[in-house]
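Here's the structure we're looking at; comments come further down.
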There are 2 protein chains.
Amino acid sequence: MKYCQHCAAPITHHVPPGDDKLRYCCISCGVVFYQNPNNIVGTLPLWQDKVLLCRRAIEPMRGKWTLPAGFMENGETTLHGAIRETLEEAGATVIPSDCSLYTLFNLPYINQVYLFFRAALRAPEFHAGEESLEVALFAEEEIPWSELAFPVVRITLEQYFTDRRRGIFPVRMFDLQYSGTGLLSTFLVSSSTADFSNGTEALTKK
Amino acid sequence: MKYCQHCAAPITHHVPPGDDKLRYCCISCGVVFYQNPNNIVGTLPLWQDKVLLCRRAIEPMRGKWTLPAGFMENGETTLHGAIRETLEEAGATVIPSDCSLYTLFNLPYINQVYLFFRAALRAPEFHAGEESLEVALFAEEEIPWSELAFPVVRITLEQYFTDRRRGIFPVRMFDLQYSGTGLLSTFLVSSSTADFSNGTEALTKK
């Protein structure tokens, strides 16, 4: 960011009065340009015992399999964005009233928050959108685990198949963080089940 | 947005090739400036049977009571942002391992997503930050219902006192929408409890 969007004056990078963080600021017109994380919203599209995956036609991870997801747009809700991305990338329609928030992921190293919804497909009908090479339904034993595009996809699928055996689907939030050695680690931060250590009991016992 | 941040050329507002939405674009250097929703993250700070509220020192809703919350910053997780805002606005420290995701709200008419965490206070210690006039603990019967700043605060408090009686705290997502007559309506879109109509049963029956 080099120039002010409002007056075209050069931008400076400093801590504004009353703030404690470096911001892009225009000294000429006084505007501060805040930069905030983006939400990426998607679905886990379900048909009978199968999950719909898309093989990516674009970088990063071209050729790898993913769940349909993309940047949430202004003017839409998280779920509407997830449904739109499912239609765009997988040519698939889900039943809005059969969608439930399922996994959230914080990726602070790239300023992103992922939100995935479990979503019932209206019919086993789909086709590859512009950003997909192919789209297909996979039973659990058919999932291409070594060919998945992103950790958030792998974790969401792992949780789903585990939860399905128990018949309960807690809403879970994870943090993804790089360690000093460059390894990406995943931490379960929050779960809606009461048996989670930081859940109901811990709060009500105080 | 009038000028390009990168080259200071005038910005146009049109649908770029391969897109279907109006974007701010620079014809000179070719950059597209996407605008996306912001996350507002906060806590429901709990001490014994009481909830911590802040009386706002700033507009909008100066003088009204709210839960500590603010814009999520780059480089932090949703929970870290919520904990930071609680410290900044209420001078209060929560126990990170005793925090659980609780309510989400989509406000598409102002391009915002709210996320609140149930959060156990480390001690009954707090003080008004720069954006608060006062901070206080309230038992259920003491909540100033007619003096709350925002619907997201009222709904989160209502859910909490209802859930506390049952001892379970589902993660719920709501949409807030303005109707044609200008009335703000709230819709429950998703809940982590299995007894919700669009939850577990509906998905596994297919």
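Here is a check on your reading of the model: is B:A92 assigned to a loop (DSSP other than H, G, I, E, B) and either at pLDDT 95 or above or within 18 Å of the chain's Cα centre (by Cα) (or both)?
yes
Hey, B:L52 hits all of (1) touching a residue at least 60 places away in the same chain (Cβ under 8 Å); (2) outside any strand (DSSP E or B); (3) more than 7 Å from every other protein chain (Cβ to nearest Cβ) but one; which does it fall short on?
Status for B:L52: all satisfied but (2).
With among the polar types (S, T, N, Q) and at positive phi as the only criterion, which of B:N111, B:N39 stands out? Talk me through it step by step, then tell me what you get.
Values: B:N39 fails: at positive phi.
One residue alone meets the criteria, B:N111.
What's the number of the only condition in (1) closer than 24 Å to B:L104 by Cα; (2) without any contact (Cβ under 8 Å) to a residue 60 or more places away in the chain; (3) not charged (D, E, K, R) that A:A92 fails to meet?
Every listed condition holds for A:A92 apart from (1).
Within the stretch A:50-57, does at least one residue satisfy the condition of being surrounded by fewer than 16 Cβ atoms within 10 Å (Cβ to Cβ) and modelled with pLDDT of 95 or more?
Step one: of the stretch A:50-57, the residues surrounded by fewer than 16 Cβ atoms within 10 Å (Cβ to Cβ) are A:57.
Then drop every residue that is not modelled with pLDDT of 95 or more, which leaves A:57.
The answer is yes; a qualifying residue exists.
Quickly run through the stretch A:103-114 and pick out the residues that are hydroxyl-bearing (S, T, Y) and either open to solvent by less than 10 Å² (accessible area, probe 1.4 Å) or part of a strand (DSSP E or B) (or both). Show your work before the answer.
Step one: of the stretch A:103-114, the residues hydroxyl-bearing (S, T, Y) are A:103, A:109, A:114.
Passing the criteria: A:T103, A:Y114.
Please go through the stretch A:9-63 and give me each residue that is closer than 23 Å to A:P108 by Cβ and of a type in the set (F, W, Y), ordered by number.
Hits for the stretch A:9-63 are A:Y24, A:F33, A:Y34.
Is it true that B:A119 is of a type in the set (G, A, S) and either surrounded by 23 or more Cβ atoms within 10 Å (Cβ to Cβ) or touching a His at 6+ places or on another chain (Cβ under 7 Å) (or both)? Give the steps one after another, and end with the answer.
Details: of a type in the set (G, A, S): yes; either surrounded by 23 or more Cβ atoms within 10 Å (Cβ to Cβ) or touching a His at 6+ places or on another chain (Cβ under 7 Å) (or both): yes.
Yes.
When only residues in the stretch A:8-49 that are more than 30 Å from A:L101 (Cβ to Cβ) and touching a residue at least 24 places away in the same chain (Cβ under 8 Å) count, which is surrounded by the fewest Cβ atoms within 10 Å (Cβ to Cβ)?
Result: A:C29.
Could you list all residues from the stretch A:139-178 that are away from every other protein chain (no Cβ under 14 Å), assigned to a loop (DSSP other than H, G, I, E, B) and closer than 22 Å to A:P108 by Cβ?
A:A149, A:F150, listed by residue number.
Would you check which residues across the stretch B:110-129 are closer than 18 Å to A:V41 by Cα and within 8 Å of chain A (Cβ to nearest Cβ) and list them?
Scanning the stretch B:110-129 gives B:N111, B:V113.
Just need a number here: residues in the stretch A:76-102 that are touching a Gly at 6+ places or on another chain (Cβ under 9 Å), open to solvent by less than 10 Å² (accessible area, probe 1.4 Å) and not aliphatic (A, V, I, L, M).
Going through the stretch A:76-102 one residue at a time, the tally reaches 3.
Looking only at residues in the stretch A:60-75 that are farther than 30 Å from B:D175 by Cβ and in a loop (DSSP other than H, G, I, E, B), which one is most open to solvent (accessible area, probe 1.4 Å)?
Within the stretch A:60-75, the match that is most open to solvent (accessible area, probe 1.4 Å) is A:R62.
Determine, yes or no, whether A:Y3 is at the interface with another protein chain (Cβ under 7 Å from one of its Cβ atoms), aromatic (F, W, Y) and either surrounded by 17 or more Cβ atoms within 10 Å (Cβ to Cβ) or under 26 Å from A:F161 (Cα atoms) (or both).
For A:Y3, the condition - at the interface with another protein chain (Cβ under 7 Å from one of its Cβ atoms), aromatic (F, W, Y) and either surrounded by 17 or more Cβ atoms within 10 Å (Cβ to Cβ) or under 26 Å from A:F161 (Cα atoms) (or both) - is met.
Evaluate the stretch B:125-133: report whether one residue or more is surrounded by fewer than 24 Cβ atoms within 10 Å (Cβ to Cβ), touching a residue at least 12 places away in the same chain (Cβ under 8 Å) and not in a loop (DSSP other than H, G, I, E, B).
There is at least one residue in the stretch B:125-133 that is surrounded by fewer than 24 Cβ atoms within 10 Å (Cβ to Cβ), touching a residue at least 12 places away in the same chain (Cβ under 8 Å) and not in a loop (DSSP other than H, G, I, E, B).
Only residues that are more than 7 Å from chain B (Cβ to nearest Cβ), modelled with pLDDT of 95 or more and more than 28 Å from B:E88 (Cα to Cα): list them for the stretch A:11-46, please.
A:V41, A:G42, A:T43, A:L44, A:P45
Taking A:R164 as meeting all but one of (1) touching a residue at least 40 places away in the same chain (Cβ under 8 Å); (2) surrounded by 14 or more Cβ atoms within 10 Å (Cβ to Cβ), write down the number of the exception.
(1)
The values are calculated or read from the model by the stated rules, or taken from the named source; none is laboratory data. Predicted model, so just to flag it, every value in this text is computed and none were measured. As a convention, Cβ positions derive from the backbone with ideal geometry for all residues, glycine included, and neighbour counts pool all protein chains shown. Note: accessible area is taken over every heavy atom of the protein model, side chains too, but ligands, DNA and RNA are not part of it. Shrake-Rupley method; radii C 1.70, N 1.55, O 1.52, S 1.80 Å.
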